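Novice: Below: one structure in structure tokens.
Nothing in this text is a laboratory measurement; each read-out follows from the coordinates by a stated rule. Nothing here was measured: the structure is a model prediction, and the numbers come from that model. FYI the Cβ positions are ideal-geometry reconstructions off the backbone, even for glycines, and counts take in every protein chain you see.
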């Protein structure tokens, strides 16, 4: 009898204890996708692969990664979607400051600011990533879609960028760059290489942007001297979207209807591209002075030089220019704007063929706007530009298998 009496309370206490523990566990809410993802990014170690499952994942604040050697991988560019439509905190969707970083097979949508920013990183792979503002072109959209800056050894492959109020795919103040097999649509600038050196931009489609592809060098930035970019085998078509950049942005000066624009950059090779129906001009080559913005940077070179345009196809365009000098030219000639437009601004003692060489292009037409003389005497003769320049070297990245 005593043995039985002693065991009963023990069993009862044990059952009560289990019940109490289960109740406490039931009261703890499960960790959210957002909390789990940020925790993985914080606790990541080199070699980790962070997987983003298929589905639309709503996020309310910026994500960040500063651990090198990490891969973020989704289930597909239209399957794994990080949606920031309800973002409440942070300036970006994802901010990365880490070397040997790979992101692939996912989408970042509707961020308040930039979608994917990679800062001061080495060996960066951005493959099959889509950035998009799903409401279409709007000044309130974030500035940049894919945005590596002050970085080296950058591969952007198979990206899609839609709706950025500055540039869909932008690489700035960087070196050793490849942008290929990508699609930029309905941005102010589709693809932009700015203040950077040694870039290959090829096999891309830039369509329905304000400007399809921009190669710029600007003053008053930590890295200057943009040079050595090849733009080739791209389709650059109908980039006639009205400029929706916020007031004061330099891309706000880009005329709607610009196919390719080279501003104050040197050693640019443009070949094998197809230009279709860009309503201002298929190619613009201009100095920084065309922006009419003052600058006080003594180290800045505002002139483009050694621009080599060869073996491109031109179809239409120039029929509805979005620029006062081009409108005046069209009014005076009664013809579409020529395919290649040079502002005619040149360094003292330089020669025309040090600025621009053109050969073996299909159905090319050309104008020198004579901008330095108030656009008073435009000329159309290509003879002084019938020359070639040395071909630039291919960009190779040690981690790129292609």
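Novice: Taking only Cα atoms and a 10 Å spring cutoff, compute GNM fluctuations for the chain and point out the largest among 316, 259, 334.
Specialist: Highest fluctuation among the options: 334.
Novice: Give me the Å³ per residue figure for the convex hull around the C-alpha atoms of the chain.
Specialist: 153 Å³
Novice: To continue, here is another question. Extension gain residue 362-residue 331, at 0.36 nm per residue separation less the Cα-Cα distance, in nm?
Specialist: Separation in residues times 0.36 nm, less the Cα-Cα distance, equals 8.6 nm.
Novice: Let me ask you something else. What number does region 183-385 give for Rg over Rh if you use C-alpha atoms and the Kirkwood radius?
Specialist: Taking Rg over the Kirkwood Rh, I get 0.92.
Novice: Taking Cα atoms, how many degrees apart are the long axis of helix 2-27 and the longest axis of the chain, rounded to 10 and kept between 0 and 90?
Specialist: For helix 2-27, the angle is close to 20 degrees.
Novice: If each of residue 372 and residue 296 carries a label point 7 Å out from its Cα toward its Cβ, how far apart are those two points in nm?
Specialist: Taking the simple label geometry, residue 372 and residue 296 are separated by 2.5 nm.
Novice: Continuing with the same structure: Please give the peptides 129-142, 109-122 ranked by average Cβ packing (other Cβ atoms within 10 Å per residue), highest first, as a rough proxy for protection. All intermediate terms of the calculation are to be shown ahead of the outcome.
Specialist: On the way: 129-142: 19.4, 109-122: 22.0.
Taking the mean over residues of other Cβ atoms within 10 Å, the ranking is 109-122, 129-142.
Novice: Against the longest alpha carbon principal axis of the chain, how many degrees, from 0 to 90 and to the nearest 10, is the axis of helix 324-333 turned?
Specialist: That helix lies at roughly 40 degrees to the long axis.
Novice: Could you give the alpha-carbon Rg of region 19-170 over 2.2 N^0.38 Å, rounded to two decimals?
Specialist: In units of the globular-protein estimate, region 19-170 measures up at 1.09.
Novice: While we're looking at this one, here's another question. How many angstrom lie between the C-alpha centres of region 237-262 and region 350-402?
Specialist: Value for the Cα centre distance between the two parts: 21 Å.
Novice: Within region 170-194, name every residue whose backbone N is under 15 Å away from a label modeled 7 Å from Cα of residue 324 along the Cβ vector.
Specialist: none
Novice: How far apart, in nanometres, would the label points at residue 120 and residue 350 be if each is projected 7 angstrom from Cα along the Cα-to-Cβ direction?
Specialist: Calculated label separation equals 3.3 nm.
Novice: Could you please rank 65, 106, 37, placing first whichever residue has the fewest other Cβ atoms within 10 Å of its Cβ?
Specialist: On the way: 65 22, 106 25, 37 19.
Going from least to most buried by this count: 37, 65, 106.
Novice: Another question, then. Per the Kirkwood treatment, what hydrodynamic radius in Å, one decimal, follows for region 243-312 from the mean inverse distance over all distinct Cα pairs?
Specialist: Result for region 243-312 stands at 13.5 Å.
Novice: Order these by the 10 Å Cβ neighbour count, fewest first: 400, 166, 349.
Specialist: Starting with the residue having the fewest Cβ neighbours, the order is 349, 400, 166.
Novice: Cut-off 10 angstrom, C-alpha nodes, Gaussian network model of the chain. Which of 278, 209, 228 fluctuates the most?
Specialist: 228
Novice: Quick one: helix 33-43 against the long Cα principal axis of the chain, what's the angle to the nearest 10°, folded into 0 to 90?
Specialist: Relative to the chain, helix 33-43 is tipped by roughly 80 degrees.
Novice: Gaussian network model of the chain, Cα springs within a sub-10 Å range: biggest mean-square fluctuation belongs to which of 280, 64, 46?
Specialist: With Cα springs under 10 Å in the chain, the top fluctuation among 280, 64, 46 is at 46.
Novice: Roughly how many nanometres apart are two label points built 7 Å out from the Cα toward the Cβ at residue 42 and residue 224?
Specialist: 4.2 nm
Novice: Just need the relative contact order of region 219-363 here, percent rounded to a whole number, with Cα pairs under 8 Å and 6+ apart.
Specialist: Across region 219-363, relative contact order equals 26 percent.
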